[in-house]
Amino acid sequence: MVRKLSTREREVAVLVAKGKKDVEIATLLFISRRRVGELIFNIKEKWEITSRVEIGIGVYHFGWLHSQEERSMEHAAPIPFYATDHYREVRI
């Protein structure tokens, strides 16, 4: 049975899914490396998994990675016209 993660565990899970190392996660979240390790252990225990890859799969499955990227795109620079699907439509 998959148990619900705390807000902090979810933040760590998303960063693990993005390929961040423990040291990078600790720096980003202003917590110790040891605490990051504890949070990752808790995630694995709650989800009954054994690897960081499985954390990434879970994050993708629940749609957390996608929703976080959408939020960050709201503040990003506009996409150039040639990088959109409109370019393909014009070429065809």
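Among the criteria (1) among the hydrophobic types (A, V, I, L, M, F, W, C); (2) within 13 Å of the chain's Cα centre (by Cα); (3) assigned to a loop (DSSP other than H, G, I, E, B), the one Ala13 does not fulfil is (3).
Within the stretch 66-77, is even one residue at pLDDT 90 or above and either acidic (Asp, Glu) or not in a helix (DSSP H, G or I) (or both)? Steps first, answer last, please.
Here is the first cut: in the stretch 66-77, the ones at pLDDT 90 or above are none.
Within the stretch 66-77, not a single residue is at pLDDT 90 or above and either acidic (Asp, Glu) or not in a helix (DSSP H, G or I) (or both).
Scanning the stretch 20-41 for residues that are touching a helix residue (DSSP H, G or I) at 6+ places or on another chain (Cβ under 8 Å), exposed (fewer than 13 other Cβ atoms within 10 Å of the Cβ) and not in a helix (DSSP H, G or I) gives a single hit, Ser32.
The values are calculated or read from the model by the stated rules, or taken from the named source; none is laboratory data. What you see is a predicted model; the values in this text were computed from it and never measured. Because the Cβ atoms are built from the backbone with ideal geometry, glycine has one as well, and the counts that use them run over all protein chains shown.
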